[in-house]
Ligand code: F6P
């Protein structure tokens, strides 16, 4: 059996741990197995590049950040469009899958990767997805690998930023990754004891946040720590499409709402206000123990599915069980934070401000 592996989309901690688990399990349990690495995600498959992955290539990578296969972003929208040579990227990938003689392809990636994986399946390729992303927004799985590590890193960053914010009596906006989903900001915010948490699923009013900061100042609390997801939206712009919001922000020379909020808070509260963006720190470095274990379980399960000839699926976590979903059922769907969830309610009951005045 010839197995291909690729890692696609934004990287995160744990990709190598999954590659290792798939490989070790396949070498141990599937007869005459051959492992092939495809570089740069779908980019490598489009170009038809691959190289053998040997057992020794899998050694010492359990705790290594990034991906030994490298990755790239390949927009889903472009997959079915004809290119200059008259064929689409999807057609090229299918042709290369066959030319490489693959019996199965593992796609380690996020929501976009899964959408493309579903397309490949419809074209007759045997695909098994493994859910990766620090955004934790893949539909049908309780958790994605890379998320827990990102929460740990973001929480540690937040703790460090707090000490300097407290020393200077500042309002500090810590912008965390998460464009569509606020999981990382919500869980980090709670774990790090943020005073306010702003996430895309709960559009906020800067005036409500400013009133909250003023209240704190009045009661002698001179530092306010705010966790802001990069995809957070103002209540006043929630009715606009993403493209329109991006246009308005680009006009202001901004990519997220955070600089605008900082300006408003500074003006309305008089408190010195700063922005800190931990950025790619959240995606880099060694996976935490939770992710190492999760990646090992997901990878081993995925290899088992290949051995059983079960394709067109993605591995998932449900409760404490590893299971799978049909790619066709989950592709194109997102798992977002429910504003009425128990976690959000608990945070609100502790007095954490979400800027929605609720
Ligand atoms: O992997 C998802 C993500 O971390 C988003 O939260 C973020 O917006 C995006 O990646 C940024 O990635 P890049 O700059 O690598 O495209």
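Where a number appears in this text, it was derived from the coordinates with a stated rule and is not lab data. Here the structure is a predicted model, which means the values were calculated and not measured. Using ideal geometry, Cβ is built from the backbone for each residue, glycine included, and neighbour counts are taken over all protein chains shown.
Values as computed for the structure displayed
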read-out	value
Distance between segment 299-358 and segment 47-94 - C-alpha centres, whole angstrom	25 Å
Alpha carbon centroid spacing (whole Å) that separates segment 105-172 from segment 177-231	20 Å
Percentage of interatomic Cα-Cα distances in the chain larger than 30 Å	41 percent
0 to 90° range, to nearest 10: angle between helix 147-167 axis and the chain longest Cα axis	20 degrees
Computed FRET value (nearest 0.05) for residue 49 with residue 241, which takes r as the C-beta separation and R₀ as 35 Å	0.45
For peptides 87-99, 238-250, 341-353, sequence by mean Cβ density within 10 Å, most packed first	87-99, 341-353, 238-250
Translational diffusion of segment 150-283, µm² s⁻¹ [Kirkwood Rh, Cα pairs; Stokes-Einstein; 20 °C; 1.002 mPa s]	145 µm²/s
The chain: most fluctuating residue of 186, 53, 105 per GNM, C-alpha cutoff 10 Å	53
In degrees, nearest ten, helix 111-122 long axis to first principal axis of the chain (Cα)	30 degrees
Burial order of peptide ranges 198-211, 301-314 (average beta-carbon count within 10 Å, highest first)	198-211, 301-314
Footprinting exposure proxy for 338, 11 (fewest neighbouring C-beta atoms within 10 Å first)	338, 11
Rounded tilt (10° steps) of 289-308 against the dominant C-alpha axis of the chain	30 degrees
